[in-house]
Each structure stands twice: as structure tokens, then as C-alpha cells.
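Here the structure comes first, spelled out in C-alpha cells, and everything after it is commentary.
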Amino acid sequence: MANVTAQNDVLVKVEGLSKIFKTADGRTINALTNVNTFVDRGEVVAIIGPSGSGKSTLLRTMNGLETISEGHIHIDGIDLVDKNTDMNALRADVGMVFQHFNLFQHKTSLENITLPQTLVRKRTKSEADQIAMDLLRQLGLDHLANNYPSQLSGGQQQRIAIARALAMQPKLMLFDEATSALDPEMVGEVLDLIKGLANDGMTMCLVTHEMNFAREVCDRVIFMDAGELVETGKPAEFFAKPSTDRAQQFLDKVL
């Protein structure tokens, strides 16, 4: 479990969040409806629920990849809805790791990690290279610095993607089903890396299907269904005795 640094030290505050999508034929889809939650600094929160429940949409609104229809999200006191908010600066503080890695195929491992640093953080090439190589050594991947994504396993690519996000020194890390595209034998190495980040005090939100991981590593679980936050609680309590029938039905199917 991560150690929350200070009680009520809120890094992320979500208030009355709704997200409405319009389809090509004019229909509206309520992807999120009046979601209220928070993430304390140093906390690790798992977001779980059935497919189509709004988990990934919630995560994507936290770094501006999805616009907000109603409500507010504050990241370290900065309101994403405020028209004066510099979204590029905010995204630099919010690392995002996707299901399908999203690495630049024509760039080496090292270049994938250094490019965002030089473009967004305005670091020199030597500074970015130093940070990237330090991270690669920590992850045991420094021997793959000059390899291209096509020369890496899925687990290696995902760890490079995580290193790319960490190199920006974010305040918050978001993981959107980071292991679901991996072969089963590769899942463990990525989960071990995330577990290490949790132990180091990194603030994280994870959309995950790995229930054992959520139970063992996360400080809190958010259960969503049909775009609504149905319940939230400590993993030990949630997995042993959820407070809603809907959550119990979900757990009966996945555990």
C-alpha cells in the first residue's frame, strides 16, 4: 500500500462531473453523470467496473483528453474548466500510460523518453538523455536504449511508456488498463513496476481489471457502472463486503 503523505491533502478533486457524447445520428450518450470524488496526494486509487461504465472516460477527463460537459476537475488547485488554464502545462504534470503503449515507432527507446522532455519541459538534450538513461537503468532496460519498439516485447514497450511518463516528473500518474494488451507472462513485470511506484509515494489512478492487484496495492477502490460512481471504499472492505448489490454482482462475476 502507498503511504498517503498528509490527511486531506487533496491533489485531484472531481465535482459534479458529467460527460455527454453526441453520436453521428444525433443521439446523446451520458458517459459520466454527476461524478464526485478525490485523490489525495500519495494515494493509489483503482477504478473498476464493467465495460462501458465510464472508467476510461473519467481518467481521460483528468488530463484533458476528453472535454468536460458539466462540473469541475481541479488538479493541485488548477481548474481544468477554467479557460485561462494552460492545458499543455497541466498535461506535463499528469502522466498517462495507455493500453497500447503509444510509442513512436520510428524512435528508439531513448528517443521516446527524451523527446517529450525537450519539447514540453524544455530540457537540453544532454539533460533529457541523462534522465532517460537513469530511468532505463532503474528499470533494467538500459541495454535496450537504442532499440526500436518493434524490437521490444509488449512488457518492455509498456515499461518504456511508463519511463517516458515518469521522465516528465509528473504530480499524478494515470494508467488506462496498462496491462490488458499484454501477454499473461508480461503482466507481472509491469504490475511490479507500478507497485514500486506506489511504494515510492507516487499519486496514481488506475483503470484495471487486475482485481488482486487492486486489493493488494491500492489505497482505495472506485466502482463505476453506467457512467455513475456507485461506491468507493478501502479494498479490504470493498472486496469482502461491498455496500451495493450492483458491486456485489460485478465481483461475483470477476472473482
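The values are calculated or read from the model by the stated rules, or taken from the named source; none is laboratory data. Not measured: the values here are computed from a predicted model. Neighbour counts run over all protein chains shown; Cβ positions are idealised from the backbone, glycine included. Areas reflect the complete protein model, heavy atoms only, side chains present, ligands, DNA and RNA absent. Shrake-Rupley method; radii C 1.70, N 1.55, O 1.52, S 1.80 Å.
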Practice problem: Search region 1-28 for residues being open to solvent by less than 70 Å² (accessible area, probe 1.4 Å) and at pLDDT below 90, and hand back the single one that is farthest from Phe213 (Cα to Cα). | Solution: Gly26
Practice problem: Give the residue that is farthest from Gly16 (Cα to Cα), with candidates limited to residues of region 227-255 that are in a loop (DSSP other than H, G, I, E, B) and open to solvent by 70 Å² or more (accessible area, probe 1.4 Å). | Solution: Leu255
Practice problem: Residue by residue through region 216-226, note down the ones that are assigned to a helix (DSSP H, G or I) and either in contact with a strand residue (DSSP E or B) (Cβ under 8 Å, 6 or more places away or on another chain) or of a type in the set (Gly, Ala, Ser) (or both). | Solution: Val217
Practice problem: Say whether the condition of being in a helix (DSSP H, G or I), in contact (Cβ under 8 Å) with a residue 24 or more places away in the chain and either within 15 Å of Leu103 (Cβ to Cβ) or open to solvent by less than 40 Å² (accessible area, probe 1.4 Å) (or both) is met by at least one residue in region 166-181. | Solution: yes
Practice problem: Looking only at region 23-33, count how many residues are more than 19 Å from Val45 (Cα to Cα) and either under 25 Å from the mean Cα position of the chain (by Cα) or acidic (Asp, Glu) (or both). | Solution: 5
Quiz prompt | Residues satisfying the stated conditions in region 25-44, i.e. in a loop (DSSP other than H, G, I, E, B) and free of Cβ contacts under 8 Å to residues at least 40 places away in the same chain | solution = Asp25, Gly26, Arg27
Quiz prompt | Close pairs (7 angstrom Cβ cut-off, 6 or more residues apart or separate chains): open to solvent by 90 Å² or more (accessible area, probe 1.4 Å) in region 141-156, in a helix (DSSP H, G or I) anywhere | solution = Asn146/Leu110
Quiz prompt | Residues located in region 136-159, provided they are closer than 23 Å to Asn63 by Cβ and modelled with pLDDT of 95 or more | solution = Pro149
Quiz prompt | Within region 200-210, tally of residues that are surrounded by fewer than 17 Cβ atoms within 10 Å (Cβ to Cβ) and either of a type in the set (A, V, I, L, M) or farther than 24 Å from Ile75 by Cα (or both) | solution = 1
Quiz prompt | Which listed residue is open to solvent by less than 40 Å² (accessible area, probe 1.4 Å) and without any contact (Cβ under 8 Å) to a residue 24 or more places away in the chain, from Thr124, Thr85 | solution = Thr85
Quiz item: Out of curiosity, is Asp134 closer than 20 Å to Ile194 by Cβ, touching a residue at least 60 places away in the same chain (Cβ under 8 Å), open to solvent by 30 Å² or more (accessible area, probe 1.4 Å) and of a type outside the set (Lys, Arg)?
Solution: no
